[in-house]
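Asker: Got a structure here, written out as structure tokens. Questions coming.
The values are calculated or read from the model by the stated rules, or taken from the named source; none is laboratory data. Note that the structure is a prediction, hence the values are computed from the model and not measured. Note that we place each Cβ from the backbone using ideal geometry, even for glycine, and neighbour counts take in every protein chain shown.
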Amino acid sequence: MPTFTKEQIKEISEQLDCGFRAFYHKQTGELIFVPDTNRHIGMDTDAWQDELDKLDENFLDYHEIDAMEASDSFRVMADFVKQLTDTKLKDELIKALSRNRPFREFKFVIDNAGEQRQCWFAFKSKRYIEWTEEQLKMQKDIDEQENVHD
């Protein structure tokens, strides 16, 4: 399995967070990002046609790096709230997470939270990088197990 730089891992995590699917070539480590049409139904993918064709023609040569599921993203938001010292904002975010449509409610509160908004983005970015590193480590472990059995 290829080794990825911190910059590449950051790029992968950012693309996943923005709603893209991330793939890497098993041998070369080449990264390919394409829109996740399951999350963005009806999105025009013409701009990514070359990447999509490459994946279609050589799918077995690539591994996909999984994005966070909604439950994982919810846990990141809850963890952010737990570490807050601003009790007013903490209370507002706890309420937001307990309402219907917690992602939308959280976003509304955090978008109006002044400097804490940037703290949220930094926290989320760090956690997504950790997630990406864990996904890559798990895939490496799987590859090593498969190589042992070959």
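Asker: Report every pair of residues separated by at least 6 positions or lying on different chains whose Cβ atoms are under 7 Å apart, first residue within region 83-100 and in the same structural domain as Gln116 (by TED's automatic domain parsing), second of a type in the set (Lys, Arg).
Answerer: Leu84/Lys90
Asker: Follow-up. Looking only at residues that are touching a residue at least 24 places away in the same chain (Cβ under 8 Å) and either crowded, with 18+ Cβ neighbours inside 10 Å or assigned to a strand (DSSP E or B) (or both) in region 21-52, which one is farthest from the chain's Cα centre (by Cα)?
Answerer: By that ranking, first place goes to His25.
Asker: On to the next question. May I ask you to list the residues in region 24-81 that are farther than 19 Å from Trp131 by Cβ and among the basic types (Lys, Arg)?
Answerer: Lys26, Lys54
Asker: Here's something else I'd like to know. Return the only residue of Leu55, Leu60 being assigned by TED's automatic domain parsing to the domain that holds Thr45, part of a helix (DSSP H, G or I) and surrounded by 12 or more Cβ atoms within 10 Å (Cβ to Cβ). Don't jump to the end; show me each part of the working.
Answerer: Details: Leu60 fails: surrounded by 12 or more Cβ atoms within 10 Å (Cβ to Cβ).
Criteria check complete, one pass: Leu55.
Asker: May I ask you to say which residue of Ile94, Ile129, Ile142 is part of a helix (DSSP H, G or I), of a type in the set (A, V, I, L, M) and under 19 Å from Gln15 (Cβ atoms)?
Answerer: Details: Ile94 fails: under 19 Å from Gln15 (Cβ atoms); Ile142 fails: under 19 Å from Gln15 (Cβ atoms).
None of the others qualify; the one that does is Ile129.
Asker: Can you pull out the residues in region 91-150 that are aliphatic (A, V, I, L, M) and modelled with pLDDT of 95 or more?
Answerer: Within region 91-150, the first condition is being aliphatic (A, V, I, L, M), and the residues that meet it are 93-94, 96-97, 109-110, 113, 122, 129, 136, 138, 142, 148.
Matches in region 91-150: Leu93, Ile94, Ala96, Leu97, Val109, Ile110, Ala113, Ala122, Ile129.
Asker: Under 8 Å between Cβ atoms, which residue pairs at least 6 apart in sequence (or on different chains) link something in region 106-129 that is closer than 17 Å to Leu16 by Cβ with a partner that is among the hydroxyl-bearing types (Ser, Thr, Tyr)?
Answerer: Going by the 8 Å Cβ cut-off, the qualifying pairs are Ser125/Ser13; Tyr128/Ser13; Ile129/Ser13.
Asker: Any chance you could count how many residues in region 63-74 are closer than 14 Å to Leu16 by Cβ and exposed (fewer than 12 other Cβ atoms within 10 Å of the Cβ)?
Answerer: Just the residues of region 63-74 that are closer than 14 Å to Leu16 by Cβ, to begin with: 63-70, 72-73.
The next check asks that each one be exposed (fewer than 12 other Cβ atoms within 10 Å of the Cβ); those that pass are 69-70.
Qualifying residue count for the region: 2.
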